[in-house]
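What follows is a short report on a single structure.
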Amino acid sequence: MKVGIVGYARSGKTTVFNALTGAQAQVGAFGARDANLAALKVPDERVDKLSEIHQPKKITYAEFQFLDIAPNESAGDSKALDSAALTTLKNVDALVHVVRCFENGDVMHPLETVDATRDCTSLEEEFQIVDLVIIENRIERMEKENRKDLEYETLVKCREHIEEGLSLRTLELPEQEDKLITGYTFLSRKPLMLLGNYGEDSIGEDDPSGLNSFANERDQTLVALCGAMEMEVAQLPPEERVTFREELGLGEESKTLFLQTAYAMLGLISFLTAGEPEVRAWTIKKETKAADAAGTIHSDIQRGFIRAEIVAYDAFIEGGSMAKAKDAGAVRLEGKEYIMQDGDIVLFRFNV
């Protein structure tokens, strides 16, 4: 899963990136034009417990890749992102908009004033305009070819939706039509999380920037944190972090809170494979069928799928081993259409 972190210059975007990933990318003015890249392993007690049991040669946690996208630094340009950044974002699975909610007279907002809800609206409009240009160009080409099939009709729906000032992620489409536009990688259709970056003086206050009300009214996902302080905590030894967070009133660790929120927003679950060679968590969408889950491991397994031997994690732990889980009748044989559940421990049988 690849996540693009975006926002206006001087919003504390790279600070948040460092806080979430433990990276030490340079903060302040964005020196290089390349995006900062880091991977964040998803903590999973199930992987830890299975590793204790199997003593594998390799342990692999689920992973999020983060791209900290360079903001637009062009003088006099009110846009948050330049064309290079927008092109890079085409390849991410989800977006996190770091919204500045702190005042700092020494660090001027590129739009001169700090206004969290304005920034959210403006960046969303940027995404919509980029998508609209792509849609209109494609529709024009299809009309010249006298091609008015289902894809054309779907693009017309998308155009009308954006022209109403709405993002494509709020447009409900039948599965077939949704698949037809997947290849366009529309930015305003990608899942979006708002991440309010507050100053230390806002800790304990109730919605000081109005961002919480804004997100609730639009049914958008919001996480709030103090980026500067979170980055300091992230660089402490692990054994000191809990005490430090309690003293500062920071609550749950930002990384954990973010990952829980991201999994819920994106509709993700994990299934597990376990044995002496490797214990591993695999990330899939909810409602994924067994054959498609097998494809996340290798296309050959999906192509030659025979059956899946599955035991729920809790049932496996209760038995203490696969043999005892089988004796207890907890191991099931499932076919291609089986809907995977979070925490399923799976052995895929296949033949190619």
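The values are calculated or read from the model by the stated rules, or taken from the named source; none is laboratory data. Only a predicted model underlies this, so the values are computations on that prediction, with no experimental measurement involved. Here the Cβ is made from the backbone with ideal geometry for all residues, glycine too, and neighbour counts use every protein chain on show.
Residues to consider are Thr117, Thr170, Thr113; find the one that is touching a Leu at 6+ places or on another chain (Cβ under 8 Å) and at negative phi.
Sole residue among the options that is touching a Leu at 6+ places or on another chain (Cβ under 8 Å) and at negative phi: Thr117.
List, please: which pairs have Cβ atoms under 8 Å, are six or more places apart or on different chains, and start with a residue in the stretch 162-188 that is farther than 20 Å from Val133 by Cα and end with one that is not small (Gly, Ala, Ser)?
Leu173/Thr154; Leu173/Lys157; Leu173/Ile181; Gln176/Leu150
What's the number of the only condition in (1) over 28 Å from Cys120 (Cα atoms); (2) of a type in the set (A, V, I, L, M); (3) in a loop (DSSP other than H, G, I, E, B) that Ile139 fails to meet?
(3) is the only condition that Ile139 fails.
Which helices (runs of 4 or more DSSP H) sit wholly inside the stretch 249-318 and have at least 2 residues that are among the polar types (S, T, N, Q)?
Details: elements: 254-266, 290-297, 299-303.
Filter on the stretch 249-318 gives 254-266, 299-303.
Looking at Glu175, is it over 17 Å from the mean Cα position of the chain (by Cα), at pLDDT 85 or above, over 23 Å from Val92 (Cα atoms) and surrounded by fewer than 15 Cβ atoms within 10 Å (Cβ to Cβ)?
Against the criterion (over 17 Å from the mean Cα position of the chain (by Cα), at pLDDT 85 or above, over 23 Å from Val92 (Cα atoms) and surrounded by fewer than 15 Cβ atoms within 10 Å (Cβ to Cβ)), Glu175 does not qualify.
I'm told Asn137 meets every condition in (1) modelled with pLDDT under 95; (2) surrounded by fewer than 18 Cβ atoms within 10 Å (Cβ to Cβ); (3) of a type outside the set (A, V, I, L, M, F, W, C) except one. Can you identify the failing condition by its number?
(1)
Looking at the stretch 107-123 only, could you name the residues that are closer than 17 Å to Asp82 by Cβ and part of a helix (DSSP H, G or I)? Reasoning before the result, please.
Restricting attention to the stretch 107-123, the residues satisfying the condition of being closer than 17 Å to Asp82 by Cβ are 110-111, 119, 122-123.
Asp119, Ser122, Leu123 - these are the residues of the stretch 107-123 that are closer than 17 Å to Asp82 by Cβ and part of a helix (DSSP H, G or I).
Given the criterion assigned by TED's automatic domain parsing to the domain that holds Thr261 and either farther than 28 Å from Thr221 by Cβ or touching a helix residue (DSSP H, G or I) at 6+ places or on another chain (Cβ under 9 Å) (or both), identify the matching residue among Arg169, Arg118.
One residue alone meets the criteria, Arg169.
Quick check on the stretch 298-318: of everything there that is surrounded by fewer than 17 Cβ atoms within 10 Å (Cβ to Cβ) and free of Cβ contacts under 8 Å to residues at least 24 places away in the same chain, which residue is nearest to Ser270 (Cα to Cα)?
His298
Conditions tested, residue by residue: (1) under 16 Å from Asn18 (Cβ atoms); (2) touching a Leu at 6+ places or on another chain (Cβ under 9 Å); (3) surrounded by 14 or more Cβ atoms within 10 Å (Cβ to Cβ).
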| residue | (1), (2), (3) |
| --- | --- |
| His54 | no, no, yes |
| Thr60 | no, no, yes |
| Ser74 | no, no, no |
| Ser78 | no, yes, no |
| Ala85 | no, no, yes |
